[in-house]
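Let me begin by presenting the structure, written as structure tokens, before commenting on it.
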Amino acid sequence: MSSLSLYGVSFDLVHLLLTSIGSVLPYPLDAWITNGTLVLVLSVLVFAAILLAASMINTIVLIWWERKLLGRFMDRRGAMHVGYAGLLQNFADGLKLFRKHTFKPAEADTLGFFSGPTAYMVTSMILFGVLPISTGWNSGSLPLSLLLALAIFSFAPLFIFVSAWSSNNKYSLMGGMRSAAQMIAYEVPLLLAVVAVVIVSGSFDLTTIVTEQQNYWFWGPLFLALVVFVAGMLAEMERIPFDLPEAEAELVEGWNTEYGGMLFAFFMLADYLRGLVGSFLVVLLFLGGWTMPSWVPGALTNFPLAGIFWFLVKTYLVFGLFVWIRASLPRVRTDQLLRVGWNRMIPLSLAAVFLAAALVTVKCLPVFGCLPSPGV
Amino acid sequence: MTEPLTATEKTSDNPILWVAKPMVTAARQFARSLLHPSTVVYPFERLEDPKFRTEVGIESGKPIGVGPIWDNYRGVHALNIDTCISCNLCAFSCPDLCIDMVTVPGGDPKHPKKCPQIDYGKCSYCGFCSDACPEGCLSMTTRYELSVHSRREMVFPPEKLFGIYQQKLPMNPIRVERPANEDRIVLEPPLCIGCNACSRDCPTNCITMMEIPKPEAKPGEKLPKRIWKEPVINDSDCVRCGTCISVCPKECLFWGSRK
Ligand code: SF4
Ligand code: SF4
Ligand code: SF4
């Protein structure tokens with residue numbers, strides 16, 4: 001199964017292409033072109049290009065999805081005119097931002113100002129590459145892919161803080177401070193909620209975690225962990241009600257106040273890319289990833305790319321939940337946010353860990369059935 | 001010594017209430033809006049479309065302004081060039097001075113036919129012009145889409161207004177009606193100075209300036225300085241445009257009835 005990884009596919013593609021080109025070329029060229037190093041380099045590039053395209057298209061469709069949902073929540077229709085039901089509106093917006101002049105404030109620090117958004121964007125992209133989407137779409141099997149993903153996920157406050165500080169603007173700096181405080185406060189319950197999943201599935205490998213969920217998805221038995229994880233994700237993604245770092249009403253635009261044009265687009269895309277990855281993680285850890293329960297008719301799960309299809313359906317539904325929360329709840333204050341984070345979330349997540357441990361000990365639950373193979 | 005400001009808040013708030021309740025409200029709104037969003041996708045849908053008649057019609061009891069266009073809506077003007085008598089009344093009555101009388105083909109060289117040209121950059125859609133028009137040939141339609149790309153295009157020449165007339169849009173039927181018994185021009189003779197203005201401007205040439213006898217000046221009395229002529233109006237030719245009333249410098253012409 002793991003031979004069917006995305007990288008494997010791109011390697012095969014490039015290899016096929018180069019050998020067929022090489023077969024029609026004269027002697028010194030064909031030897032050079034079929035040389036292993038070139039195949040390797042090119043296939044890495046193709047792999048990266050596929051990841052880039054997939055992540056960008058998904059991100060932009062996700063923004064569309066949010067705009068449409070939010071529109072209905074607010075009794076509007078959202079984007080309507082460019083493309084079918086406004087589907088291409090965000091591509092148009094992106095093009096507009098791309099054409100804009102990029103400038104930096106005179107007193108800003110050049111290196112930090114430009115490297116912050118770029119690094120933020122790049123780490124979010126890497127994150128997208130790390131997560132498996134189906135049995136065929138993964139970057140090989142990494143035994144610790146969950147840890148790797150969460151480690152990359154927690155890079156973000158650093159880059160936000162760097163770009164906020166180097167903007168040389170008090171609102172940016174305040175936004176950056178808040179962002180760092182918030183992300184660090186919510187990282188802990190988030191990781192503890194993940195520990196609950198790891199205890200039950202017995203693995204740090206996301207592919208294994210998903211296959212463990214073949215019989216029952218973890219959201220039922222680990223509901224407490226799911227709640228903590230979703231709340232933590234909201235804070236990590238800086239979405240309403242936890243969007244204090246860019247509270248427009250008080251901080252102009254928070255840590256990206258000074259950014260315009262493509263750099264702003266980087267932040268915007270990376271934000272939504274993180275939203276996408278957050279939804280991916282919820283689906284992978286709690287909603288069975290690309291598997292579907294056995295009562296679903298086979299016709300719905302056996303078509304080609306069914307895994308990716310169902311994975312994306314679940315992802316967009318989870319993101320719909322985030323949008324629903326955004327449409328319903330007001331923004332909290334910083335002190336409330338931190339108090340809830342340290343005083344409520346951490347006890348709750350500890351309780352979730354204990355519940356998970358109890359579940360592994362008991363092994364069977366009346367409603368959810370038995371654990372397939374109790375982990376470690 | 002000032003007390004430090006502390007945020008006071010209700011600590012008894014139930015998380016179910018402040019998370020679940022708003023979310024249920026939002027979900028209910030979402031479901032309602034999924035079927036019937038309030039937005040009308042304007043250039044493609046309009047409130048005057050039949051499908052909105054039942055929803056936001058007058059019967060629904062919603063306030064005026066969300067319903068279909070009303071028949072007395074004052075939109076762009078329609079001008080019937082054929083019946084316009086070039087009386088100038090519209091231009092006279094316009095409070096914004098946005099009507100110019102411009103020559104259109106069809107008149108004789110001595111009396112060119114002039115019809116109103118309206119500058120929509122200035123028009124306030126007050127409707128005075130269509131109220132004043134004696135022929136009912138200038139009236140307001142229900143069309144409200146008038147955006148153009150330049151100021152020059154905002155000036156609608158008579159031909160364009162005639163084109164709008166030919167589209168047979170619903171027209172505003174309201175015009176001030178003159179009482180039936182006051183449809184004649186009457187002259188208050190002592191005020192008249194015989195200036196010929198009414199006769200000159202009458203679109204139908206129905207005013208003739210007739211000689212009147214010059215009275216004998218009594219001793220010590222000074223005769224008024226005037227031309228000893230008075231307008232005589234041919235009622236059968238008069239189209240009741242009121243131009244003569246408007247141009248009279250001494251305001252001695254009135255609407256009235258003559259036996
Ligand atoms: S008032 Fe009527 S008849 Fe007179 S000039 Fe204007 S449009 Fe023509
Ligand atoms: S509607 Fe009023 S402002 Fe407009 S042209 Fe007629 S009289 Fe003038
Ligand atoms: S006499 Fe009649 S047609 Fe002539 S200007 Fe007066 S109202 Fe108009």
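The values are calculated or read from the model by the stated rules, or taken from the named source; none is laboratory data. Nothing here was measured: the structure is a model prediction, and the numbers come from that model. Positions of Cβ are generated from backbone atoms using ideal geometry, with glycine treated the same way; all protein chains shown enter the neighbour counts. Just so you know, the surface numbers come from the protein's heavy atoms only, side chains and all, with ligands and any DNA or RNA stripped out. Shrake-Rupley method; radii C 1.70, N 1.55, O 1.52, S 1.80 Å.
FRET efficiency for the B:V232 to A:R76 pair, using the beta carbon distance and R₀ = 56 Å, is estimated at 0.25.
What does the buried accessible surface come to for A and B, summed over both chains, with the probe at 1.4 Å? Round to 100 Å². Can you show the working numbers first?
Numbers: alone 17880 and 17780 Å², together 34100 Å².
The summed interface area works out to 1600 Å².
Shielding by partners for peptide A:315-326, expressed as the average number of C-beta atoms from other protein chains within 10 Å of each residue's C-beta, is 1. Name the chymotrypsin sites (Phe, Trp or Tyr not before Pro) in region A:97-131 that are in a loop by DSSP and that have at most 16 other C-beta atoms within 10 Å, would you? Here the chymotrypsin sites (Phe, Trp or Tyr not before Pro) that fit, given the DSSP loop and packing criteria, are A:F103.
The residues of the protein assembly as shown present an accessible area of 54 Å² per residue when probed at 1.4 Å with all protein chains retained. Rounded to the nearest 20, the size of the Cβ-charge dipole of the protein assembly as shown about its Cα centre is 1000 debye, with Lys and Arg at +1 and Asp and Glu at -1.
Please go through the residue pairs A:K68/A:K104; B:K160/B:K229; B:K122/B:K229; B:K218/B:K250; A:K314/B:K21; B:K110/B:K250 and name each one whose alpha carbons sit more than 30 Å apart in this structure. In this structure, A:K68/A:K104; B:K160/B:K229; B:K122/B:K229 exceed 30 Å between Cα atoms. With contacts taken as Cα pairs under 8 Å and at least 6 residues apart, region B:94-166 reaches a relative contact order of 31 percent. Under 20 Å from a label point 7 Å along Cα→Cβ of A:S294: give me every residue in region A:210-236 with its amide N that close. Once the point is set 7 Å along Cα→Cβ of A:S294, A:210-221 turn out to lie under 20 Å by backbone N, inside region A:210-236. Note on B:A20 and B:E45: the model spin-label points, each 7 Å out from Cα along the C-beta direction, lie 3.5 nm apart. If I compute solvent accessible area with a 1.4 Å probe over the protein chains, what percent of it on region A:199-239 is carbon and sulfur? In region A:199-239, the share of accessible area belonging to carbon and sulfur is 66 percent. Here the sum of -39500 (n - 2.57) over DSSP H runs of 4 or more residues, divided by the residues of chain A, equals -21500 deg cm²/dmol at 222 nm, to the nearest 500. Using the Cβ-Cβ distance between A:N302 and A:L52 with R0 set to 30 Å, the FRET efficiency works out to roughly 0.50.
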